[in-house]
Amino acid sequence: MTYDVTVIGAGPAGVTCAIYLKRAGLNVLTLYKDSGSLKYATIENFYSYNSINGEELFNKGLDQLKENSIDVINTEVLAIQQELDYKIMTTTGDFYSKYLVIATGLNKGVIPKKYQDYLGSGVSTCAFCDGPFYRKKTVWVTGKEPYLSQMKTELNYFTKDIIEIDESTIVSLYGNERIEGINLSNGDKVDANNLFIALPLSASSLSSNLGVMIDGGNIKVDESMRTNLKRVYAVGDAVKGKRQISKAVYDGMTAGYSIIEELKQDK
Ligand SMILES: Cc1cc2nc3c(=O)[nH]c(=O)nc-3n(C[C@H](O)[C@H](O)[C@H](O)COP(=O)(O)OP(=O)(O)OC[C@H]3O[C@@H](n4cnc5c(N)ncnc54)[C@H](O)[C@@H]3O)c2cc1C
């Protein structure tokens with residue numbers, strides 16, 4: 001069986017897109033391997049929620065897919081080949097689809113190992129997401145230019161007490177459940193209950209292997225969320241722009257509309 005559209009990723013961008021497509025009567029498959037960025041997040045700035053745990057929001061998204069009778073499979077996409085349609089190879093078998101939507105979020109694998117254990121537990125990649133938790137408190141920041149300057153500018157909205165640490169001097173982080181400090185290469189320890197990291201984070205290698213154009217770590221798309229490849233769209237954190245749920249939802253909706261229009265013209 002060949003699906004009209006396969007959405008890879010079940011975060012806010014992928015789920016929104018799949019729902020628009022299904023409601024337009026298309027045959028939609030959603031594949032996802034895990035809860036993506038939401039697994040690390042506590043959300044306090046998304047419409048209608050004062051505060052919601054990211055994993056809970058993710059599960060609500062999965063429920064919504066199922067309530068809309070969208071086929072959803074928990075599997076990892078390993079590779080995609082362009083034949084007459086797209087062949088999507090996963091850990092649980094192959095799927096075929098006329099259209100693809102890449103909603104794979106950020107590739108967390110590019111975050112250095114030394115930070116990964118505390119991501120979402122005091123370590124953050126997003127000033128607007130987590131800065132408000134440290135309003136008028138001390139924050140620690142590290143990373144590389146030009147991301148570092150941008151991160152400091154954004155943190156300034158919440159606190160003036162910003163301590164910068166040279167990325168090359170950070171050996172490891174310590175703490176039980178949350179970050180409690182930073183071990184430096186000269187043997188010093190810095191007690192710190194947070195660390196904002198400003199590094200380039202790129203979209204998954206899946207896309208580049210397929211031949212999708214990447215620009216500055218982001219999948220390149222036009223205003224309709226079309227990539228350079230025919231019938232391949234990309235949305236959410238995988239493409240340029242603010243890495244926020246609201247923007248991911250907007251992208252998902254935009255790609256949904258565009259595909260519906262394109263299919264109408266094809267007929
Ligand atoms: C610590 C932290 C805190 C945050 N706080 C906030 C906040 O307060 N407010 C806010 O608006 N945003 C916040 N964000 C950002 C927000 O989580 C993202 O902007 C949003 O989740 C992006 O949605 P997405 O659908 O593009 O990607 P994601 O939500 O990351 O979803 C990606 C999906 O792709 C799937 N996937 C990836 N690769 C594959 C593969 N090979 N095969 C199958 N599936 C695959 C994943 O399993 C996942 O389902 C935060 C992020 C982090 C890390």
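Every read-out reported here was derived from the displayed coordinates using simple, explicitly stated rules and does not represent laboratory data. Bear in mind that the values here come from a model prediction, so they are computed numbers and not experimental data. All Cβ positions, even for glycine, are placed from backbone atoms using ideal geometry, and neighbour counts span all protein chains on display.
In plain terms, the chain from E262 to K242 could stretch by 4.6 nm, reckoned as 0.36 nm per residue minus the Cα-Cα distance. Computed with the Debye formula from one identical point scatterer per Cα of the range 47-174, without solvent, the log10 of I(q)/I(0) at q = 0.09, 0.14, 0.18, 0.23 Å⁻¹ comes to -0.44, -0.88, -1.09, -1.41. When each of the peptides 204-217, 243-256 is scored by the mean number of other C-beta atoms lying within 10 Å of its residues, the order from highest to lowest reads 243-256, 204-217. DSSP beta bridges confined to the range 113-198 are antiparallel in about 45 percent of cases.
Note on the chain: helix-only mean residue ellipticity at 222 nm, from DSSP H runs of 4+ residues weighted -39500 (n - 2.57) and normalised by residue number, equals -8000 deg cm²/dmol. Averaging the sequence gap over all C-alpha pairs within less than 8 Å and six or more residues apart, then dividing by the number of residues, gives the chain a relative contact order of 21 percent. Treating r as the C-beta distance of T159 and I52 and R0 as 22 Å, the FRET efficiency rounds to 0.35. Looking at the chain, the DSSP beta bridges with both ends there are about 45 percent antiparallel. What base-10 log of the normalised intensity I(q)/I(0) is obtained for the chain from the Debye formula, alpha carbons as equal point scatterers, at q = 0.08, 0.16 Å⁻¹? With one equal scatterer per Cα and no solvent, log10 I(q)/I(0) is -0.35, -1.16. Evaluate the relative contact order of the range 113-198 (contact order divided by residue number), counting alpha-carbon pairs under 8 angstrom at least 6 apart; express in whole percent. In percent, rounded to a whole number, it is 38.
Note on N68/E167: beta-carbon distance plugged into 1/(1 + (r/R0)^6) with R0 of 35 Å gives a FRET efficiency of 0.20.
Here the extension length gained between T75 and N228 equals 52.5 nm, from 0.36 nm per residue of separation less the Cα-Cα distance. Give the distance, in whole Å, between the Cα centre of the range 15-55 and the Cα centre of the range 166-180. The range 15-55 and the range 166-180 have Cα centres spaced 31 Å from each other. Listing L155, L78, L21, L26 from fewest to most neighbouring C-beta atoms within 10 Å gives L78, L26, L155, L21. The alpha-carbon atoms of the range 113-198 define a convex hull whose volume equals 82 cubic angstrom per residue. Checking the cross-link pairs K87/K114; K189/K240; K98/K144; K113/K152; K137/K242 against a 32 Å limit on the alpha carbon distance flags K87/K114; K189/K240; K98/K144 as lying beyond it.
For the range 182-187, 3J(HN,Hα) computed residue by residue from phi via the Karplus equation (6.51, -1.76, 1.60; θ = phi - 60°) reads 10, 8, 9, 5, 8, x Hz, glycine and proline entered as x. When its C-alpha radius of gyration is set against 2.2 N^0.38 Å (N residues), the range 1-120 gives a value of 1.12.
Amide H contacts under 5 Å for A198: T142, G143, K144, restricted to partners 5 or more places along the chain or on a different chain, H placed in the peptide plane at 1.01 Å from N.
Modelled spin labels at S205 and D117, positioned 7 Å past Cα toward Cβ, are 2.5 nm from each other.
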